[in-house]
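Please treat every number below as a calculation from the coordinates, not as lab data. Since this is a predicted model, take the numbers as computed values, not measurements. Every residue, glycine among them, receives a Cβ derived from its backbone with ideal geometry; neighbour counts consider all protein chains shown.
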Amino acid sequence: MTIFESIRDDHETQRTLIDLVVQTEGDSDGRDDLWARLKRELEAHAGAEERYFYVPLMENDTTQEAARHSVAEHKELDDFVERMDGYERSGSQWLQTAKELRERLLHHLAEEESEVFPVAGQILSDDAKTSLADDYVADMERRRSDD
Ligand SMILES: [Fe+2]
Ligand SMILES: [Fe+2]
């Protein structure tokens with residue numbers, strides 16, 4: 001596995017979860033459960049991805065700017081999540097914001113895959129691509145099982 005494949009797998013999980021979240025009904029266990037899963041997944045991924053993908057990319061002039069941009073988007077996504085948690089879970093504002101979050105998230109994932117991965121591929125060695133994947137996957141497992 002390379003770091004790109006590992007990240008892409010988790011992006012797929014996020015795409016699936018956000019699609020399910022926006023299809024949920026107001027006051028349902030399904031919404032609560034899917035939202036909890038998505039939040040945990042987003043938080044774990046942002047943390048592990050920053051540590052084992054963006055930190056190394058920030059050390060290189062070629063990828064520094066893209067890395068900073070992506071990390072800034074993590075903060076933006078996090079703000080969406082926080083706003084949503086301030087709304088009534090069964091209300092229309094919550095669902096509307098979930099749909100906006102979906103748009104932002106899909107944009108972020110697509111940008112990472114189509115713009116960041118190609119340049120990162122040029123600066124990371126083959127060894128780094130696999131060792132970062134191992135570290136990333138282990139870190140994700142740790143973070144997913146927290147709390
Ligand atoms: Fe990201
Ligand atoms: Fe990502």
For 101, 17, ascending order of other Cβ atoms within 10 Å (fewest first) is 17, 101
Within the chain, helix-based [θ] at 222 nm, where runs of 4 or more DSSP H residues each add -39,500 (n - 2.57), nearest 500: -27000 deg cm²/dmol
Give me the net charge for the shell around residue 31: Cβ to Cβ below 9 angstrom, other residues only, Lys and Arg +1, Asp and Glu -1. -4
Crossing angle, helix 61-86 versus the chain [Cα axis fit, 0-90 degrees, rounded to tens]: 10
Could you list 45, 74, 107 so that the one with the fewest beta carbons within 10 Å of its beta carbon is first and the one with the most is last? 107, 74, 45
Classified through the alpha carbon gyration tensor (a ≥ b ≥ c as square roots of its eigenvalues; rounded if a/c is under 1.5, else prolate when a/b is larger than b/c, else oblate), the range 25-77 comes out prolate
Square roots of 5 times each gyration tensor eigenvalue, C-alpha, the chain, largest first, Å: 30, 16, 12
Mind checking which lysines have their C-alpha under 18 Å from residue 99, skipping anything on the same chain fewer than 8 residues away? 39, 75
Treating the angle as unsigned and between 0 and 90°, give the value, to the nearest 10°, between the Cα long axis of helix 29-49 and the longest Cα principal axis of the chain. 20
Once phi is turned into θ = phi - 60°, what whole-Hz ³J(HN,Hα) does the Karplus curve with 6.51, -1.76 and 1.60 give for every residue of the range 108-117, x standing for Gly and Pro? 4, 5, 5, 5, 4, 5, 9, 10, 7, 3
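Ranked by Cβ crowding within 10 angstrom, fewest neighbours first, how are 145, 90, 6 ordered?
Values: 145 9, 90 14, 6 23.
Going from least to most buried by this count: 145, 90, 6.
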